[in-house]
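The values are calculated or read from the model by the stated rules, or taken from the named source; none is laboratory data. Remember, predicted model here, so these are calculated numbers, not experimental data. Because the Cβ atoms are built from the backbone with ideal geometry, glycine has one as well, and the counts that use them run over all protein chains shown.
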C-alpha cells in the first residue's frame, strides 16, 4: 500500500477555491511558469508531519523546489485536514499537492503509488549530498504543470536554545513559493474543472494580481516562527469556501 493512501479525501471537507489572497538558483520573479516535475518524494518531519518534496524545472532550465506539508504533526493526529467552527478544511499544503496530482495525473494524491528510490540528498551531519533512500511518487515524474510562483520576503530565523523555537533574527531573505497550480494544456484550476467552467479565467486574475509583485511575509524580531506543518500557509491562504455539504467530491473523469 502506498504511504499516501492514509490521506483523507471526502465530501465532508472543504475543497480548493480560486483566490489570490492578499537553490544556487536566482530567485524567480512572481509570475506564471510552465514547469516539469523532476523529482517528487515523501519526507517526514521530526514532528511527524508528512510532506511532499517537489523539484520543478522551468522552461528556461531554472530549478524550483518546494515542500508541501500534507499532514499535521503527531500531536495533532497526523491528519491532512483540521476542523474550525464545525467545518473540516484541508491543510494548505495538502490542497497544493492534491491539486498538482489532479492536474497532472487525473488522480487524487492518495491514489498515487510510491516506489523506493535512491537519490542524492543533503545530509546536515555529513555536510554534503549522500545517497538517500526515499519514497518517490513515480506518477508525478516528467509531468508538466503551470505554476503561479511568488517571490516572497521571509524572516531569517535562529533557534532559541531556551525554548527550542525558531525565532526571527531581524534579518530577511527572498525565496520562491508556489501559490497556485493550473493545468498545463488549458490553464484550468481544480475549482474550474469541478465547476465544469467552459474556459479558464482565473489564471488571468492571478497573473494580474501577482506578476512582478513581491509578497511580504516577514514578521520581524521577537516573533516566533511557524512550525513545519504550517510552512505553506502564507500566500496560499485558507480558501473562503462554501460549506462542505455543498461540495461534490471530484471524480477522476473530470480531470482526465
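Among the residues of segment 132-171, those identified as surrounded by 19 or more Cβ atoms within 10 Å (Cβ to Cβ), in contact with a strand residue (DSSP E or B) (Cβ under 7 Å, 6 or more places away or on another chain) and not in a strand (DSSP E or B) are 137, 140. The set of residues in segment 54-75 that are farther than 15 Å from residue 147 by Cα and in a strand (DSSP E or B) contains only 69.
Run down 181, 255, 202 and say which single residue is surrounded by 15 or more Cβ atoms within 10 Å (Cβ to Cβ), at pLDDT 95 or above and over 18 Å from the mean Cα position of the chain (by Cα).
Selected residue: 202, the only one of 181, 255, 202 that is surrounded by 15 or more Cβ atoms within 10 Å (Cβ to Cβ), at pLDDT 95 or above and over 18 Å from the mean Cα position of the chain (by Cα).
Per-residue answers, yes or no, for (1) modelled with pLDDT under 95; (2) assigned to a helix (DSSP H, G or I); (3) surrounded by 12 or more Cβ atoms within 10 Å (Cβ to Cβ):
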| position | (1), (2), (3) |
| --- | --- |
| 175 | no, no, yes |
| 187 | no, no, yes |
| 192 | no, yes, yes |
| 196 | no, no, no |
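Entry remark, segment 76-106: residues being surrounded by 24 or more Cβ atoms within 10 Å (Cβ to Cβ) and part of a loop (DSSP other than H, G, I, E, B) number 2 in total. Just one of the listed residues (103, 52) is within 17 Å of residue 177 (Cβ to Cβ) and in contact with a strand residue (DSSP E or B) (Cβ under 7 Å, 6 or more places away or on another chain), and it is 52.
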